[in-house]
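For reference, the structure discussed in these notes is given below.
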Amino acid sequence: MNNLYDIPLDELTALLSTWNEPGFRARQIYSHLYKKLATDPRTMTDLSTGLRERLAAETTIGTLRLIREQTADGGLTRKVLWALEGNAVIETVLMIYPPDRATVCVSTQAGCAMGCVFCATGKMGLLRNVSSGEILEQVLYFERYLRENAPSLEQQRRKPIPNHITNLVFMGMGEPFANYDRWWEAVQRLNDKQGFNLGARNMTVSTVGLVKGIRRLADEPMQVNLAVSLHAPNDALRSSLMPVNDRFNIADLMDAVRYYTDKTHRRVSFEYVLLEGKNDTPAVAVELAALVKGMLCHVNLIPWNPVPGMPLTRSHRERVTAFQQVVQAAGISCTVRVERGIEIAAACGQLAAVPTATEMIGLQPI
Ligand code: SF4
């Protein structure tokens, strides 16, 4: 059965023409899906009864199956575990920052093949790519949640709460550029004025450093923000943390990032997870500052979030501050990320999508 979220507008128009429906019907359905957030064709009352019935019989609106929803930070962080068709699992996180920001962290792959040593998702290996429709559905779920729940959250917290998503970060499970076509298809519909209509500048994609993807993004007509997981300023250290560095070393990566900033004039964000005794010494900070000096960039420090069973240590606050000061002293913009959802394993690098034994019931082997 066709998942309507997987069908771009032009293909929906073509499908409806085979049903002898005029082109404007596709635009009506598109608006129901991405603006009115419909979940049932029977609610699309501006369509004929026959078309609504046919859509209900021959298509679906979404395929994700919610397995678990957890909250943290007084309800301002919500993490959802989803089963995909075929029973791979992914997670999506909503982070609300009163009064006016609500960010969704979206997964683009179930698991990940990149194997970064500090990341729970990397330990899963890659199960499968997430489709464009599955990417969109993660976003639309939380848009619906905010529309319905912002008023009650405001009452509880006595603070303004945004009633819509303001920012998307493709930093959940997976490497977006390893699933570029499907990810970009979703981004286009999220940006489309006739679709979800979120500005490209409110979207950020994070890559482990796939240089072809960075160059391809630079050449796109739409300017999505770029974050690059750097985590070390030299090849030996970076390769010990991120196997991808053996394929694309730091020199290749920096060339690609310069191509992106030259082409787009947009500032790139270098993400830097701090691991005590590994990559958080003052000497490494000096090396990092020298590497990125003169680039149109910002450095975002992320004290590592614990993952059970990993023999790593989160950098102590004093070491984080000392590292930040060295980078800033070199004239480079550098901040420490305020983490959300650590206690529900929703923070950076913690997404592992592990169903409990009870939740496994009903899931078929992949
Ligand atoms: S940090 Fe990102 S790229 Fe690396 S293993 Fe985790 S999900 Fe994959």
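Within segment 263-305, being small (Gly, Ala, Ser) and assigned to a helix (DSSP H, G or I) holds for ALA283, ALA285, ALA289, ALA290. Taking every residue in segment 150-174 that is among the β-branched types (Val, Ile, Thr) and pairing it with any residue that is part of a loop (DSSP other than H, G, I, E, B) and within 16 Å of the ligand (Cβ to nearest atom), at least 6 positions away or on another chain, the pairs with Cβ-Cβ distances below 9 Å are VAL169/VAL106. Taken over segment 50-101, the criterion of being touching an Asp or Glu at 6+ places or on another chain (Cβ under 9 Å) and of a type in the set (Gly, Ala, Ser) is satisfied by ALA56, GLY62, ALA72, ALA83.
I need the full set of residues from segment 316-335 which are surrounded by 15 or more Cβ atoms within 10 Å (Cβ to Cβ) and either basic (Lys, Arg) or modelled with pLDDT under 95 (or both), in order please. Within segment 316-335, just ARG319 meets the criteria. Can you confirm whether segment 94-103 contains a residue that is within 16 Å of the ligand (Cβ to nearest atom), touching a residue at least 40 places away in the same chain (Cβ under 8 Å) and aliphatic (A, V, I, L, M)? No, the conditions are met nowhere in segment 94-103. Residues in segment 106-113 include none that are modelled with pLDDT under 95, more than 22 Å from LEU168 (Cβ to Cβ) and in contact with a Lys or Arg (Cβ under 9 Å, 6 or more places away or on another chain). Being in the same structural domain as GLU185 (by TED's automatic domain parsing), in contact (Cβ under 8 Å) with a residue 60 or more places away in the chain and within 24 Å of the chain's Cα centre (by Cα) is a description that does not apply to PRO306.
Note on segment 109-131: among residues that are within 9 Å of the ligand (Cβ to nearest atom) and among the β-branched types (Val, Ile, Thr), the one that is surrounded by the fewest Cβ atoms within 10 Å (Cβ to Cβ) is VAL117.
Among residues of segment 229-245 that are of a type in the set (Val, Ile, Thr), none has a beta-carbon under 6 Å from a residue that is more than 12 Å from the ligand (Cβ to nearest atom) at least six positions away or on a different chain. Note on segment 248-278: residues that are among the basic types (Lys, Arg) and buried (at least 20 other Cβ atoms within 10 Å of the Cβ) amount to 1. When every residue of segment 144-154 is checked against the conditions, none turns out to be over 19 Å from THR39 (Cα atoms) and within 16 Å of the ligand (Cβ to nearest atom).
Considering only segment 101-117, how many residues are touching a Leu at 6+ places or on another chain (Cβ under 6 Å), in a loop (DSSP other than H, G, I, E, B) and either of a type outside the set (A, V, I, L, M, F, W, C) or not assigned by TED's automatic domain parsing to the domain that holds ARG182 (or both)? Of the residues in that region, 0 qualify.
The values are calculated or read from the model by the stated rules, or taken from the named source; none is laboratory data. Note that the structure is predicted; figures quoted are calculated from it, not measured. All Cβ positions, even for glycine, are placed from backbone atoms using ideal geometry, and neighbour counts span all protein chains on display.
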